[in-house]
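Engineer: Have a look at this one before I ask anything.
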Amino acid sequence: MRVLRVILNSMGMQTKTVANARLLALAACLAMAFAAGLSWSTLSSASAPACRGAAQPMARIELLFGRARANAAPVSDGEWTGFLDREVTPRFPAGFTVLRGPGQWRGSDGRVAREEAHVLLIWHDSTMGADARIEAIRSAYRQNFDQESVMRVDGLSCVSF
């Protein structure tokens, strides 16, 4: 910090701007990491939770898929199973869990929309390739079933088998 203060003072910057310079340096490091292809789950593995016993920290992804379509019947059970077989299983062959239930959201017009939904849960090692595989799944669902979005929730869990 003393070296940083000397450098900044030699550049004509005030000492009170040191905090701003630190934030700027941190932002630049994060921007370079993301530009290099790292995902947030990869970067956050350094702050993985302390797990008890045999449990190991793993990245957890939750993807929420709505079944309603604007100009067609809702996504059928057969279409959903086919999607899992084509898009999800090849990308995460170690396994995943699917939950099904009702959901709702407020549209841009202010009205509440209700629809059946699937929640896909995937626990995985936070590798560089995982983020690309997850985004490919989201993109395929949006394109195949005329969806505006697929919600993504990232987290860390302690997992044991």
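Engineer: From (1) assigned to a loop (DSSP other than H, G, I, E, B); (2) in contact (Cβ under 8 Å) with a residue 40 or more places away in the chain, pick out the condition that doesn't hold for Asp154.
Structural biologist: Status for Asp154: all satisfied but (1).
Engineer: Please enumerate the residues belonging to region 118-146 that are part of a loop (DSSP other than H, G, I, E, B), within 28 Å of Val159 (Cα to Cα) and not polar (S, T, N, Q).
Structural biologist: Across region 118-146, the qualifying residue is only Asp125.
Engineer: Within the group Phe83, Phe145, which residue is hydrophobic (A, V, I, L, M, F, W, C), in contact with a Phe, Trp or Tyr (Cβ under 7 Å, 6 or more places away or on another chain) and farther than 30 Å from Pro49 by Cβ?
Structural biologist: Of Phe83, Phe145, the one residue that is hydrophobic (A, V, I, L, M, F, W, C), in contact with a Phe, Trp or Tyr (Cβ under 7 Å, 6 or more places away or on another chain) and farther than 30 Å from Pro49 by Cβ is Phe83.
Engineer: Identify, from the list Glu87, Glu116, Glu148, Glu79, the residue that is touching a residue at least 40 places away in the same chain (Cβ under 8 Å), in contact with a Lys or Arg (Cβ under 8 Å, 6 or more places away or on another chain) and among the charged types (D, E, K, R).
Structural biologist: Glu116
Engineer: If you check Glu115, Glu87, which single one turns out to be surrounded by 14 or more Cβ atoms within 10 Å (Cβ to Cβ), assigned to a strand (DSSP E or B) and among the charged types (D, E, K, R)?
Structural biologist: Result: Glu115 is the single residue among Glu115, Glu87 that is surrounded by 14 or more Cβ atoms within 10 Å (Cβ to Cβ), assigned to a strand (DSSP E or B) and among the charged types (D, E, K, R).
A quick yes/no check of all residues on (1) under 20 Å from the mean Cα position of the chain (by Cα); (2) of a type in the set (Ser, Thr, Tyr); (3) surrounded by 10 or more Cβ atoms within 10 Å (Cβ to Cβ); (4) more than 30 Å from Pro49 (Cα to Cα):
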{"residue": "Val75", "(1), (2), (3), (4)": "no, no, yes, yes"}
{"residue": "Ala94", "(1), (2), (3), (4)": "yes, no, no, no"}
{"residue": "Ser126", "(1), (2), (3), (4)": "yes, yes, yes, no"}
{"residue": "Gly129", "(1), (2), (3), (4)": "yes, no, yes, no"}
{"residue": "Ile137", "(1), (2), (3), (4)": "yes, no, yes, no"}
{"residue": "Val153", "(1), (2), (3), (4)": "yes, no, yes, no"}
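Engineer: Against the definition (part of a helix (DSSP H, G or I), modelled with pLDDT of 95 or more and under 23 Å from the mean Cα position of the chain (by Cα)), how does Phe65 come out, yes or no?
Structural biologist: Answer is no for this residue.
Engineer: Which condition from (1) over 18 Å from the mean Cα position of the chain (by Cα); (2) surrounded by 12 or more Cβ atoms within 10 Å (Cβ to Cβ); (3) not charged (D, E, K, R) is the one that Ser108 breaks?
Structural biologist: That leaves (2) as the condition not met.
Engineer: Additional query: Within region 106-120, is even one residue farther than 12 Å from Arg67 by Cα and touching a Cys at 6+ places or on another chain (Cβ under 6 Å)?
Structural biologist: no
The values are calculated or read from the model by the stated rules, or taken from the named source; none is laboratory data. Small disclaimer: the values here were computed from a predicted structure and weren't measured. Heads up, the Cβs are rebuilt from the backbone with ideal geometry, glycines too, and the neighbour counts pull from every protein chain shown.
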